[in-house]
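Take a look at the following structure, please.
The values are calculated or read from the model by the stated rules, or taken from the named source; none is laboratory data. Values in this document were obtained by computation on a predicted structure and should not be read as measured data. When we count neighbours, we look across all protein chains shown, and the Cβ atoms used for this are built from the backbone with ideal geometry, even at glycine. Each accessible area value is taken on the protein alone, full model and side chains, heavy atoms only, with ligands, DNA and RNA left out. Shrake-Rupley method; radii C 1.70, N 1.55, O 1.52, S 1.80 Å.
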Amino acid sequence: MVDSSKTYKPPNYTENKGNDDLSPDKYFQHILNSRAAFAPKSYSNAYLFRSKRDGKAPDIDDDGCAIFWKKEILKPVELGFLRVPSDTEKSEAVLALTLQHLETDMTFNVITTHLPSGDEPKKELERLAVLNNPSARWAARRICFDDTSWKELPYENNANFVGITSYVKYFAQRKDTKTIFALDANSRPSFPRIKSDSSSDETNVWHTILSQTTLESIWVQNACIKENGESSDPKNPFVVSVNKMRGPSSNQPPKIGEHQLELIDHVFTNGKKSELVTHVDFNKKDFVPTAPKRYISKEGDAEIDLFPSSTMPSDHLPVVVNITM
């Protein structure tokens, strides 16, 4: 919570989706009033899956993107959201938080989002459309702390956002601050480039973010992959953050049996340098592996070392990185 006097209240769903807390007309009001660094995704797949699986499950839709920080070290000074255009009753947003270091007063921006999933070219086009789409209706709002209270203020210079990359670039170009952009892109750096409506050249998510935000990838900074998306180690061409295979009980039948061995989780920054953390220890005996994992091929070790597992409850490995501002 950016405002410690507030308590986050989950959105209220009714039989009339047009009047729900997260309906398009009320979405901004709900997320700004919540004072939480959380961008909920309304009527999410996770919510629908849980409802079908367990009729007694709490009626709470808590899917979305969030940012956490250590309050004894950092304090939030700005909270913003860029709502993703939608033709349906669903709502979601990019989340941006500016934090101030209590000891030095240095500020930095953290931005996060989650792009649409799918390995087909049409899905890459969907992802490219949320990164840059001047023809869509984009809206962004923010609240800022003025030493006494949180107030809504317009973005400087009447900023005109035409997609996620323009929103990220806005923060990256701020003076005397640094920016971190972390996301589940659902797209690997080597995804075949494709012609989109908003680009004169063939592109993909990876290339679009690098070319339009001025940020660098931590994977490149740490010599895991090259800027063209290829592995830096020819002996281990598969550099991944996801290694999963959906089983027969999956709620997504078309993906059952599909082996996904991909690098789709990314962090971009204009920080001076970054250093990956190879694992996280618990109780001095258990540890959780972190991304990236490297494999020779999709067979052999990659087929045995699947996630989730007893040590990693997610199908995505965490990306843990120290960034020097």
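Residue 195: which lysines have alpha carbons under 24 Å from its alpha carbon, excluding same-chain residues fewer than 8 sequence positions away?
Answer for residue 195, where 24 Å is the Cα cut-off: 122, 123, 169, 226, listed by chain and number.
Which of the GluC sites (Glu not before Pro) across the stretch 227-325 are loop residues per DSSP, with 13 or fewer other Cβ within 10 Å?
227, 230, 258, 299
What figure, in Å² to the nearest 10, do you get for the accessible area of residue 207 with a 1.4 Å probe and non-protein molecules left out?
60
Pull out a ≥ b ≥ c, the square roots of the eigenvalues of the alpha-carbon gyration tensor of the stretch 184-325, then state rounded if a/c is under 1.5, prolate if not and a/b is larger than b/c, and oblate in the remaining case.
oblate
With all protein chains present, calculate the accessible area of residue 307 using a 1.4 Å probe and round the result to the nearest 10 Å².
Accessible area of residue 307: about 20 Å².
Then there is this: Can you list the aspartates and glutamates whose alpha carbon is less than 14 Å from that of residue 151, not counting same-chain residues fewer than 8 positions off?
3, 78
Which order do 98, 278, 107, 324 take when ranked by solvent-accessible area (1.4 Å probe, heavy atoms of all protein chains), largest first?
278, 324, 107, 98
In Å, the Kirkwood hydrodynamic radius of the stretch 143-186 over pairs of distinct alpha carbons? Working shown, then result.
Values: mean 1/r = 0.0795 Å⁻¹.
The Cα-based Kirkwood calculation yields 12.6 Å.
Can you tell me the Rg and the Dmax, both Å, for the Cα atoms in the stretch 60-182?
15.6, 49
Follow-up question, since we're still on this one. For residue 198 and residue 175, what is the calculated FRET efficiency with R₀ set at 25 Å and r taken between the beta-carbons, to the nearest 0.05? Working shown, then result.
On the way: r = 28 Å, r/R0 = 1.13.
So the FRET efficiency works out to roughly 0.35.
Computed over the Cα atoms of the chain, what is the ratio Rg over Rh, Rh following Kirkwood?
Over the Cα atoms of the chain, Rg/Rh equals 0.95.
To the nearest Å, what is the center-to-center distance of the stretch 91-130 and the stretch 152-206, using C-alpha atoms only?
8
With springs only between Cα atoms under 10 Å, which of 160, 270, 283 fluctuates most in a Gaussian network model of the chain?
Among 160, 270, 283, the largest mean-square fluctuation in the Gaussian network model of the chain belongs to 283.
Please give the solvent-accessible surface of residue 102 in Å², to the nearest 10, using a probe radius of 1.4 Å with every protein chain present.
That residue has around 80 Å² of solvent-accessible surface.
Return, ordered by residue number, the residues of the stretch 72-103 whose backbone nitrogen is under 20 Å from a label point located 7 Å along Cα→Cβ of residue 62.
Correct set: 91-93, 95.
Whole-Hz Karplus ³J(HN,Hα) for the stretch 83-98, in order, using 6.51 cos²θ - 1.76 cosθ + 1.60 and θ = phi - 60°, x for Gly and Pro?
Working through the residues one at a time gives 6, 7, x, 8, 8, 10, 7, 6, 9, 7, 8, 7, 10, 10, 10, 9 Hz.
Starting from the residue with the highest accessible area, list 312, 325, 1 in decreasing order, probe 1.4 Å. List each step's numbers first, then the result.
Numbers: 312 10, 325 40, 1 80 Å².
Final ranking, largest accessible area leading: 1, 325, 312.
Also, quick follow-up: Given R₀ = 51 Å, what would the calculated FRET efficiency be for residue 281 paired with residue 136, taking r from the Cβ atoms and rounding to 0.05?
Details: r = 45 Å, r/R0 = 0.88.
Rounded to the nearest 0.05, the efficiency is 0.70.
Right, another one. Rounded to the nearest 500 deg cm²/dmol, what is the calculated helix-only ellipticity per residue at 222 nm for the chain, with -39500 (n - 2.57) per DSSP H run of length n ≥ 4?
-4500 deg cm²/dmol
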